[in-house]
Structures are given as structure tokens and as C-alpha cells.
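Inspection log for the structure reproduced underneath, given as C-alpha cells.
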Amino acid sequence: MGKISKEMQIEMLKKITEIRRFEERTVQYYQKSKIWGYLHPYIGEEAVAVGACMALKKEDYIISTHRGHGHAIAKGADFNKMMAELFGKSTGYCKGRGGSMHIADTELGMLGANGIVGGGLPISVGAGLSCKMEKKGRVIICFFGDGAANNGVFHEALNMSAVFKLPVIYICENNLYAISMCARESVAGNDIAARAKGYGIPGYKADGSDVIAMYEAVEKAVDYARKGNGPSLIEAETYRFLGHHPNDPALYRPKGEAEDEKKNRDCLKNFKEKLIEDKVITEEQFSEMEKEIEKRIDAAVEFAENSPEPELDKFLERVAINQ
Amino acid sequence: MREIEYREAIKEACIEEMDRNPKVFLLGEDIGVYGGAFRAYKGLLEKYGPERVVNTPISEQAILGGAIGAALTGYRPVAEIMFVDFCTLAMDQIVNQAAKINFMTGDALHVPMVLRTQGGSGTGIAAQHSQSLESWFYHIPGLKVVMPATPYDVKGLLKTAIRDNDPVIFIEHKTIYLNKGPVPEEEYTIPFGVADIKREGSDVTIFAYSAMLLKALAAAEELAREGISCEVIDPRTLVPLDTDALINSVKKTNKLIVVSEAVERGSVASDILAIVNDKAFDFLDAPVKRVCGLNSAIPYNSKLEKACVPTKENIMQAVKGML
């Protein structure tokens, strides 16, 4: 951890807190029916996105999943535009057309969340091709879940990226559950990282509850990709604290598993305690930071509440033009 | 004017667009030294090298995802899927991704890609290599569908497709690659949504596209000798569709026959009927007639294969039955 500056550690803690608090708030507003449709909270997995995105430069790309808010925030997405999108407002990232699963930000190199499990995997091949053709040393992180690792696209994408030595970092967020299907029962070999061997690319596991471990693992893969060596596969061992969505009580999990994870592998709690112990930050400073974040989320909610609905006429006009 | 083959016209379009814009590149199966299944790309690997003529593994999802990802990050890929039948392997990338990304992201992202493929029967390669699946793509908002029948049209329309900012499904026909036709030396493009009256006439309008256009023209030629005057209209692009040209022709002849090789049930031809019913019912002197493929898979045996798709004689018969 020597080379990770104090400022960077504080930034990591801040981003993790941002995602945790933002997600908690979205669940609240989902329960109040301000947000509807599907919502897939990232609570518990924050260290994966934050550790990974901290290893990127601004111009690098990411491509995300249905559980994508954390990735977007880690890459620097705007709270206002995110919340407004979740509220279905015209000022949202997608003008109210996309909702939770389709947030994208071209300026941040955020190529979009995805409603299809594994949908982003083939697209990462294309972004990788363009990074390679461009020769500017850009890379792309492709986030996907343990469910997607069992989909055929996983093979096509990793094979083609490996064949062409594309600068793609494949991060499998293994949170153990694809909706209700447990990875222990669905991943043959029970080792997603080991599948890298078949493609002749580096593959390793990283503790997804430890932001520093994630950062170091991803930094290594980013460096490898920037040097033109091709893709890597990182299996982030993480855990979804909540159910698949806010109304899922997650009864398919063994008793005590979630409680144990929350108690022992809470990336926010553990990292905060560590930074206090290491005297990187004080409890008071953390409280200040948290208050600041809450204020920004309050502002985002206010912005979303006060934003206009999309205009039906404008929408229909667009439909007519695109016949 | 000089005459060149349909496939040469495709190659010329690619060369002109690749020379015009360094962001244009080709990808697909067997498009390297092999030059593509129909040799449309012969010599292009030598001319542009493997970075712009990307010879891929047999991975339809990764090919189209490759195109989408590159398109999202500043390139203009032309992805080849060897047979339209193989698009079935990658329908998620076409339907859920390419067609919807611009819409879902509130117009933040564009997918300027071309999917070049070919379909149709007539070469004895049976049910999995002979389909006409244009109605699948026609049905999906967000996709443009182009089906050129002549060397002139294929060149001008492919150039337009490559310059388009949204995904274009470009469907050629496997039996017409060696057909020769006039193509000017000078550069030209053909706008989408502009039908071409391939033959003027006054008794009946025949609406036909792709290889069926050629059969319709042959039928019209023979009918002319019998004193029957057919107007043959080629939409060239099914989406966008030049409805005005179709309606104007119907107003002139008051009779319409729609010819298509595709299975009749749920076809583009059926939709043309509905459009004419809506917009020109009062001008019709007879019910619109469809001359389409049988509701069957394509068989291997040549006699049976021919029986599944419209012939010149079928078209002539339909015309005579209407007078």
C-alpha cells in the first residue's frame, strides 16, 4: 500500500461512501415509488468499482451491467443526472428513456449499463479494437457478473480479445448470486478466474471487499493491457448485501451468510476503520465527508423532484422522425 | 458506361469509404486472404492490412459487439455476417444493443455501424443457409434495412450506409454477386428512403426488391410483349421506406402486386399491403396481391427449392389474374 497516497486512499473511501449512500437513497425512493421498474442496488460491492476505476485514467472506458450505479459513480458520474434518470425525468442521463439500466456518459468514457446479462461483453471487444487501432494507450474495463460468466458471450468475447491482444480488463463481479442461482451450483469448476488459462491470458482472484486489493489487481491488469499484452480476467470475490432488487428478500441464501458478510466483509466499514487506525483520516473528518455527500444526494433528489417529465410531444416527434 | 459486377461494386464502395475516412474498417469471418465468402473483399487485406480488415473467429456475437463497441468509440465498422441465417446467433447484439443504444441513452451515444450480410435461396444450400429474414430487422425500431438489387444501387447505398450515424442492416442476395451492371466511374451516393422506378408502366404496379426485383423486371418485359404495361418499383431501402413513391405509383396504375422471396406469413410484403390499405385504398381497383415465398423452410432439392419462392411465371400469372 506504500505507493497509494493518503489523498488517494481518502478519495477511495469517499467514492465508496458516495455509492453506499446513493444506493441507500435509491432504495428509499424505490419504496416510495418515486423510482419504479427495476432497481439493482450495488450495496456491498462498492470496493470493486472504486478500486477498479481508480486504476483508470479519465480517458479510459468502462462498460457496465444491470447493477451499474456503482460503476457510473466510480467513474465520476453526475448525481443529479443519475437521480433524475431514476426518477424518469427529462434532465436525466437518458432523458427519462433509459432508467436504471442504461446510464451512459460519453465524456466519462462510460459506454453504458446494460439490461442484458453479458450484453456488454461483446461490446468491450469493439471498444478494445478501437483502443488498439487508436494507439493512444487507452484501455477498457468490462464489468460483468458471475451469471454472465456462464453465458456464451463470455467465451466469444474473451477468446476474440485474447486472439487480438486487445486492451480489455475483464472484471467478473462474483457476488455469488445470479438473481437466485448460486455460483456454487452454476459455475462449473467453481473458479471463474481459472477460465483465463484456456485463453492464454492472466486470470486471478481479488478480494472484492478490499478496495486496495482491487486497486492493485486492476492496476496490474491495466498496466499489462497498456503495454499491448492483451486482456486479463479478474474475478472479484464480492457479495450483494441486498436481494437482486429491493423487493427480493433473498430467501435462497443460506442462513447467516449475508449477516456474516455484512459483519466481516463490509468494504465501507473495514476501509473506514483502517484509515482511522492508520491516521489517514479522523472520525470527525469522515463524518464531515459523509455529510457533504448526503448534501449532494439531497441536492440530486431535489433536482430530480423539480425536473420536468419528458415532453410527450417531443418524444412522439422523435418517433416520427425515426420511422 | 462501364459495367461491373455486384461484388466489385461492394468492394469499390468499401475502398472509397476507407480511403475517405480512416475510421472505417471491416471485420468478419474469412474476410482476410480468403476475401469473404463471396470474394467481395478480394485484395483488401493486402491493401489495408489486418488492422482495417479484421479477420475474426466464428463468433457472431463478438463480431457484432465488436462493431458496436468500435462504433461507440469513434470508428465506423462494417461487420460482415456471412449468411443472414447466422444473425440468429447474435440477435441480442442487433436487437437489444445496436438498435436501442441511441434510444436508451437519450441520444447520448450513436452506433454508426453497418451489418453486411446476404440471404436468399437458389443455390441448393438448404434450410439454414437460404432464408430471407429481412422482416425480423424491419420489425425492430432503430434499425435501417437496405436490400439493393443492382451493382449501381449496392455501391451507392453501401457508401450511404457507412456514412450513416445509426446501425444499418445491409442485406445482399447470394445469387446476384456476379451480375454485371452499369456503375459510373465518378463518385456517387444514393440516399436512403428513395425508391427507384426501375420500369415505368401504366397497368399494374409491381413492388419488388433484392433478387425478386430482377424476376419482376423479367416478368414485366415479357408481359410488355403481350401488351401489358407494368410499373416496377424498387424500394431499395425497406427502412426507411419511400411510401410516397409507392402510393403515387398505386394512384397511377390502381393495382399493386408485392413480390418477395421471404416467407409470406408476417412478412414485409404483408406490411406493404397494410400501408397501401391505409393510405391508398380508394385508388385500388383490385385487392392487392402478394407473391411471396411459401410458409416453409427452404429444401435442398432444386425442384423443391424453386417451388418455394416466386418465379417469373408466378409474377406474370398474378399480373394477368388482376387485369
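The values are calculated or read from the model by the stated rules, or taken from the named source; none is laboratory data. It should be emphasised that the depicted structure is a prediction, and the values quoted were computed from it without experimental measurement. Here Cβ is always computed from backbone atoms with ideal geometry, including for glycine, and neighbour counts include all displayed protein chains.
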- Message: For the list (1) facing chain B (nearest Cβ under 9 Å); (2) β-branched (Val, Ile, Thr); (3) buried (at least 20 other Cβ atoms within 10 Å of the Cβ); (4) more than 19 Å from the chain's Cα centre (by Cα), I need the number of the one condition that A:VAL163 fails.
- Response: (3)
- Among the residues of the range A:96-108, the number that are surrounded by 24 or more Cβ atoms within 10 Å (Cβ to Cβ), more than 7 Å from chain B (Cβ to nearest Cβ) and in a loop (DSSP other than H, G, I, E, B) is 1
- Item | The lone exception for B:ILE94 - which of (1) under 18 Å from A:GLY152 (Cβ atoms); (2) out of contact with any Cys (no Cβ under 7 Å at 6 or more places or on another chain); (3) within 13 Å of chain A (Cβ to nearest Cβ) it fails | (2)
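Per-residue answers, yes or no, for (1) at pLDDT 95 or above; (2) within 17 Å of A:ALA127 (Cα to Cα); (3) of a type in the set (A, V, I, L, M, F, W, C):
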site	(1), (2), (3)
B:CYS14	yes, no, yes
B:GLU46	yes, no, no
B:GLU60	yes, yes, no
B:VAL84	yes, no, yes
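What residue, of A:GLY126, A:GLY112, A:GLY68, is over 30 Å from A:SER180 (Cα atoms), touching a strand residue (DSSP E or B) at 6+ places or on another chain (Cβ under 9 Å) and crowded, with 24+ Cβ neighbours inside 10 Å?
None of the other options fit; the residue is A:GLY126.
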- Give the range B:144-192 a look and list any residue that's among the β-branched types (Val, Ile, Thr), assigned by TED's automatic domain parsing to the domain that holds B:CYS14 and over 14 Å from B:ILE4 (Cα atoms), or say none. B:VAL145, B:VAL146, B:THR160, B:ILE162, B:VAL168, B:ILE169, B:ILE171, B:THR175
- Task: Of all residues in the range B:46-91, count the ones that are within 10 Å of chain A (Cβ to nearest Cβ) and in a helix (DSSP H, G or I).
- Result: 15
- the range A:69-90, residues that are at the interface with chain B (Cβ under 10 Å from one of its Cβ atoms) and over 20 Å from B:ASN96 (Cβ atoms): A:LYS81, A:SER90
- Set A:ALA206, A:ALA221: member being buried (at least 24 other Cβ atoms within 10 Å of the Cβ) and assigned to a helix (DSSP H, G or I): A:ALA221
- Query: Considering only the range A:122-157, how many residues are more than 9 Å from chain B (Cβ to nearest Cβ) and not acidic (Asp, Glu)?
  - Reply: 15
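Answer yes or no as to whether A:PHE286 is more than 14 Å from every other protein chain (Cβ to nearest Cβ), within 25 Å of the chain's Cα centre (by Cα), surrounded by 14 or more Cβ atoms within 10 Å (Cβ to Cβ) and more than 30 Å from B:PHE103 (Cα to Cα).
yes
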- Matching residues, the range A:136-161, being over 11 Å from A:CYS172 (Cβ atoms) and part of a helix (DSSP H, G or I): A:GLY152, A:VAL153, A:HIS155, A:GLU156, A:ALA157, A:ASN159, A:MET160, A:SER161
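Within the range B:151-170, can one find any residue that is outside any helix (DSSP H, G or I), more than 24 Å from B:GLY74 (Cα to Cα) and away from every other protein chain (no Cβ under 12 Å)?
no
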- Message: Looking only at the range B:265-280, count every residue that is touching a helix residue (DSSP H, G or I) at 6+ places or on another chain (Cβ under 8 Å), surrounded by fewer than 19 Cβ atoms within 10 Å (Cβ to Cβ) and not hydrophobic (A, V, I, L, M, F, W, C) and tell me the total.
- Response: 3
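Could you please let me know if A:PRO254 is at pLDDT below 95 and not in a helix (DSSP H, G or I)?
No; evaluated as a whole, the condition is false for this residue.
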